[in-house]
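Contents: one structure, followed by commentary.
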Amino acid sequence: MNNFEVIIGIENHVELKTKTKMFSSAEVGFGAIPNTMTNEVDLGYPGAMPTVNKRGIELAILAVHALKMKLNPLLKFDRKNYFYPDLVKGFQITQQYDPIGTEGSLEIEVDGVKKNIEIERLHIEEDTAKQIHKDDLTFIDYNRSGIGLVEVVTKPVLRSADEAIAYVNNLREILLFLGVSDVKMNEGSLRCDVNISLRPYGAYAFSNKVEIKNLNSLANIKKAIEFEIERQQAILLKSETVVQETRRFDEASQQTVAMRSKVGAIDYKYFTEPNIAPIQLDQNWIDQIIANSPELPNVKRQRMVEQLGLDLHDVNIILSSLELTNFFEATLALTSDANKVIKFLIGDVFSELNKDNLTIDQIKLTPQNLADLVNHLNNGIISSKHVKTILPIIMNDDTKTVDQIIEENNLKLISDSVEIERLLKPLLESNQELLKQFDERPERVIKTIMGLLMKETQGNVNPDIANEILLKHLGN
């Protein structure tokens with residue numbers, strides 16, 4: 001790294017998963033017709049008074065607790081004053097002076113090394129409108145204006161792109177499983193700003209930092225940081241000064257591009273929000289929210305590996321999706337074979353989902369049907385060959401049970417020993433010359449007879465029982 005230490009701090013803006021906005025009764029929804037989900041409070045009409053979304057506060061408390069932060073039970077809001085097209089009312093309600101959470105941490109692991117990332121603050125605020133740039137015009141959609149956010153700010157303690165990716169991914173996972181947000185970076189419900197500077201090893205003073213705004217994927221976070229490290233390093237090696245500025249990541253060129261310079265802190269003239277009085281949060285209410293908190297993903301991961309005996313790699317695939325995790329756990333309530341369930345989900349089912357970019361709740365598969373499939377396979381009612389026929393059907397049709405599909409397609413295994421004896425008898429009688437080779441070539445004889453039996457029954461005979469009966473005959 002040519003004697004330069006990388007200093008990284010991250011700010012994440014996370015949209016809260018509420019039905020209405022943080023300070024108004026306007027509905028929240030992604031993809032709606034522009035400017036149809038807003039009201040007089042969001043637009044700052046004279047006399048419009050804000051109210052505080054109780055559910056938004058509950059979600060913020062869950063996040064504060066999960067990130068091991070100190071919770072401030074006295075809820076206060078401030079005004080951040082500025083006018084910009086995406087904030088037409090001229091101010092943003094935020095928590096500048098009294099954030100709801102301070103001094104937390106989140107553990108990450110990179111290349112087998114664990115590290116605690118210190119989190120400076122978590123505060124509640126409202127989102128701005130969305131700008132859509134087309135040619136030389138800018139269109140404004142105020143549907144997003146006023147949606148509740150929590151902003152999570154780390155201390156400048158990250159030292160590489162890999163650490164940054166691990167941190168954002170762990171934060172995303174926690175907030176997703178808590179139900180705080182759907183954290184869809186492609187839809188903007190999780191946005192990432194990264195501050196980067198370089199300094200010579202051994203130096204204590206920070207150099208000029210560069211902020212990269214609105215990174216919308218883990219891949220782009222990594223690319224932007226790695227490019228910016230190289231760019232700043234080249235500047236410093238020429239004994240030049242890195243300009244303190246705001247940049248964005250351009251996907252076309254795979255480079256960071258200057259947006260605006262930052263010569264100093266902007267004076268937003270913060271003052272206490274006059275229309276929202278301080279609110280003392282009841283400690284019993286706080287305790288109840290925390291007590292009812294959903295299971296955290298790291299606890300879920302440990303339980304699945306240690307108690308269910310599942311492979312960590314397989315568990316991580318399941319935990320990459322909240323819908324997939326919920327489906328997996330719902331299926332386990334109906335069958336005890338966790339290994340078979342997870343193998344089906346990360347194999348055939350996951351392949352089907354990826355093919356059309358779907359989530360598991362967008363196909364017809366139900367936990368009951370998958371559990372029945374696993375149970376019937378374990379009980380010898382069907383074979384793994386039958387599973388290949390049944391699984392595509394139940395993934396695309398939930399109107400029939402597994403039992404109905406087995407019956408209609410004649411997929412039930414023959415497990416009755418008397419019936420198998422009856423089927424084997426003519427095969428043994430007509431292959432006497434082959435049977436004489438059993439002492440010399442037992443595997444060939446068994447494989448041939450079993451092959452004939454499977455052909456005769458169209459693969460519908462229980463191989464374990466049939467093999468046992470065949471060995472008894474051959475032994476005699």
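The values are calculated or read from the model by the stated rules, or taken from the named source; none is laboratory data. Remember, it's a predicted structure, so these values are computed and weren't measured experimentally. A quick note on method: Cβ atoms are made from the backbone with ideal geometry, for glycine too, and the neighbour counts reach across all protein chains shown. Surface areas here come from the heavy atoms of the whole protein model, side chains and all, with no ligands, DNA or RNA. Shrake-Rupley method; radii C 1.70, N 1.55, O 1.52, S 1.80 Å.
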Any residue at all in region 35-42 that's over 27 Å from Lys269 (Cα atoms), assigned to a loop (DSSP other than H, G, I, E, B), out of contact with any His (no Cβ under 6 Å at 6 or more places or on another chain) and open to solvent by 60 Å² or more (accessible area, probe 1.4 Å)? yes
Going by the conditions given, is Leu423 in a helix (DSSP H, G or I), closer than 24 Å to Ser384 by Cα and either open to solvent by less than 40 Å² (accessible area, probe 1.4 Å) or not charged (D, E, K, R) (or both)? yes
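Are any residues in region 73-85 in a loop (DSSP other than H, G, I, E, B) and surrounded by fewer than 17 Cβ atoms within 10 Å (Cβ to Cβ), and if so, which ones? Lay out the reasoning, then the answer.
Step one: filter region 73-85 for residues in a loop (DSSP other than H, G, I, E, B), giving 73, 76-77, 82-83, 85.
The answer is Pro73, Tyr82, Phe83, Pro85.
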Here is a list: Ile469, Ile406, Ile446. Which entry is under 30 Å from Lys364 (Cβ atoms), of a type in the set (A, V, I, L, M) and either assigned to a helix (DSSP H, G or I) or touching a Ser or Thr at 6+ places or on another chain (Cβ under 6 Å) (or both)? Ile406
I'd like the full set of residues that are surrounded by fewer than 17 Cβ atoms within 10 Å (Cβ to Cβ) and modelled with pLDDT of 95 or more, limited to region 1-24. Lys19
Could you please find all residues in region 283-297 being touching a helix residue (DSSP H, G or I) at 6+ places or on another chain (Cβ under 8 Å) and assigned to a helix (DSSP H, G or I)? Ile286, Ile289, Ile290, Pro297
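Results for (1) in a loop (DSSP other than H, G, I, E, B); (2) modelled with pLDDT under 95; (3) of a type in the set (Asp, Glu), shown as yes or no for each residue.
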{"site": "Gln96", "(1), (2), (3)": "yes, no, no"}
{"site": "Glu103", "(1), (2), (3)": "no, no, yes"}
{"site": "Leu106", "(1), (2), (3)": "no, no, no"}
{"site": "Ile124", "(1), (2), (3)": "no, no, no"}
{"site": "Phe139", "(1), (2), (3)": "no, yes, no"}
{"site": "Glu163", "(1), (2), (3)": "no, no, yes"}
{"site": "Ser181", "(1), (2), (3)": "yes, no, no"}
{"site": "Val194", "(1), (2), (3)": "no, no, no"}
Take Glu407 and tell me if it is at pLDDT below 80 and open to solvent by 60 Å² or more (accessible area, probe 1.4 Å). no
Go through (1) open to solvent by 20 Å² or more (accessible area, probe 1.4 Å); (2) touching an Asp or Glu at 6+ places or on another chain (Cβ under 9 Å); (3) at pLDDT 90 or above one by one and return the number of the condition Asp337 breaks. (2)
Selection status of Lys68, open to solvent by 30 Å² or more (accessible area, probe 1.4 Å), free of Cβ contacts under 8 Å to residues at least 60 places away in the same chain, closer than 26 Å to Ser217 by Cα and assigned to a loop (DSSP other than H, G, I, E, B): yes
When Val305 is run through (1) open to solvent by less than 80 Å² (accessible area, probe 1.4 Å); (2) assigned to a loop (DSSP other than H, G, I, E, B); (3) not basic (Lys, Arg), the failure sits at (2)
So His313 clears everything in (1) part of a loop (DSSP other than H, G, I, E, B); (2) open to solvent by 70 Å² or more (accessible area, probe 1.4 Å) except one condition, right? Which one? (1)
Residue satisfying all of: in region 43-54; at pLDDT 95 or above and either of a type in the set (Phe, Trp, Tyr) or surrounded by 15 or more Cβ atoms within 10 Å (Cβ to Cβ) (or both); nearest to Ser181 (Cα to Cα) among these: Asn53
When you check Gln254 against the structure, is it surrounded by fewer than 17 Cβ atoms within 10 Å (Cβ to Cβ), at pLDDT below 95 and farther than 30 Å from Val299 by Cβ, yes or no? yes
So which of Leu158, Leu149, Leu176 ends up being touching a strand residue (DSSP E or B) at 6+ places or on another chain (Cβ under 6 Å) and under 28 Å from Val113 (Cβ atoms)? Leu158
Only one residue in Leu178, Leu137 is of a type in the set (A, V, I, L, M, F, W, C) and open to solvent by 50 Å² or more (accessible area, probe 1.4 Å). Which one? Leu137
Leading residue by the ranking (most open to solvent (accessible area, probe 1.4 Å)) among those in region 195-241 that are among the hydroxyl-bearing types (Ser, Thr, Tyr) and farther than 21 Å from Glu251 by Cα: Tyr204
When every residue in region 354-374 that is part of a helix (DSSP H, G or I) and without any contact (Cβ under 8 Å) to a residue 12 or more places away in the chain is compared, the one most open to solvent (accessible area, probe 1.4 Å) is Lys355
Exactly one of Leu149, Leu176 is assigned to a strand (DSSP E or B) and of a type outside the set (Val, Ile, Thr), and that one is Leu149
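Taking into account only those residues within region 207-230 that are part of a loop (DSSP other than H, G, I, E, B) and over 20 Å from the mean Cα position of the chain (by Cα), which is modelled with the lowest pLDDT? Let's see the steps before the verdict.
Taking region 207-230 as the starting set, the residues that turn out to be part of a loop (DSSP other than H, G, I, E, B) are 207-209, 216-217.
Filter once more, so that each one left must be over 20 Å from the mean Cα position of the chain (by Cα): 207-209.
On the way: Ser207: 85, Asn208: 89, Lys209: 91.
Step by step, filter region 207-230, then rank; the result is Ser207.
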